[in-house]
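One structure is given below, encoded as structure tokens.
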Amino acid sequence: MGCLLGLLLPYFCGMRYIFFILPTLAGLTITTQAAVNSQLRFAVNNAWVAAFISFLVGTLFLGAVIVFTRQPVPSLQTLSQISWYKYAGGLLGAFFVTVIIYSVPKIGSANVFALLIAGQLVFAMLYDHFGLFGFPQNSISWVKLAGVIMLVTGAYLVNKR
């Protein structure tokens with residue numbers, strides 16, 4: 001399949017650096033998305049409508065990508081055989097976006113994202129430790145635990161008034 005971002009980042013394609021750069025760029029997009037969606041909330045005067053518009057635009061974009069790049073689409077029979085919980089990603093994403101839309105104007109971007117990152121790391125470490133959701137099992141070490149404690153402490157300090 002080649003490097004997905006081959007046109008944008010040819011130097012990094014095939015290198016392991018891409019796996020450090022892309023999550024960092026995703027962090028940028030999540031923070032920017034929070035700002036844009038918060039502004040959309042005030043423009044439409046409704047957090048739920050803002051979240052819906054955000055997902056609608058994303059859905060239309062992904063639909064266009066699927067059509068224009070001629071991606072294979074599974075049959076209805078295949079879709080019906082997928083475990084129900086595997087469809088929860090959309091619900092979790094809707095919850096995430098809506099929480100961000102509500103929270104950023106109340107406590108600020110840095111406070112929200114400090115808490116978000118701390119929560120993500122705590123649960124990611126637990127998912128890895130127990131091999132949940134198909135993640136490779138990767139035990140919690142004292143070094144990882146110390147890192148999480150420092151991050152949670154940092155989230156506390158960022159949110160301290």
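The values are calculated or read from the model by the stated rules, or taken from the named source; none is laboratory data. These figures come from a predicted structure and were not determined experimentally. For neighbour counting, all protein chains shown are included, and Cβ atoms are generated from backbone atoms with ideal geometry for every residue, glycine included. When the accessible area is computed, the model is the full protein with side chains, heavy atoms only, and any ligands, DNA or RNA have been set aside. Shrake-Rupley method; radii C 1.70, N 1.55, O 1.52, S 1.80 Å.
For the chain, treating each Cα as an identical point scatterer without solvent, what Debye log10 I(q)/I(0) comes out at q = 0.15, 0.17 1/Å? Taken in order of the listed q values, log10 I(q)/I(0) reads -1.21, -1.40. Counting only protein chain heavy atoms and rolling a 1.4 Å probe, the accessible areas of Phe19, Phe135 rank, largest first, as Phe19, Phe135.
Working note: Karplus 6.51/-1.76/1.60 with θ = phi - 60° gives the range 77-90 the couplings 4, 4, 4, 6, 8, 7, 4, 4, 5, 6, 8, 6, x, x Hz, where Gly and Pro are set to x. By accessible area, using a 1.4 Å probe on protein heavy atoms only, the range 93-133 has 77% of its surface on carbon and sulfur. Taking the Cα centre of the range 11-161 as reference, the dipole from Cβ charges on Lys and Arg (+1) and Asp and Glu (-1) amounts to some 200 debye. Here Tyr127 sits with roughly 80 square angstrom of accessible surface, probe radius 1.4 Å. Just going by the charge dipole of the chain, with Lys and Arg at +1 and Asp and Glu at -1 on Cβ, which of Ser83, Ile149, Pro23 is farthest out on the positive end? It is Ile149, whose Cα lies furthest towards the positive end. Per residue, the accessible area of the chain comes to 76 Å² when a 1.4 Å probe rolls over the protein heavy atoms.
Sequentially through the range 138-154, phi angles give Karplus couplings (6.51, -1.76, 1.60; θ = phi - 60°) of 9, 4, 6, 10, 5, 5, 5, 4, 4, x, 5, 4, 5, 5, 5, 4, x Hz, Gly and Pro residues having no value and appearing as x. Which of the lysines could a cross-linker bridge to Lys106, judged by Cα under 22 Å and excluding same-chain residues fewer than eight apart? The reachable lysines, counting only those whose Cα sits under 22 Å from Lys106, are Lys160.
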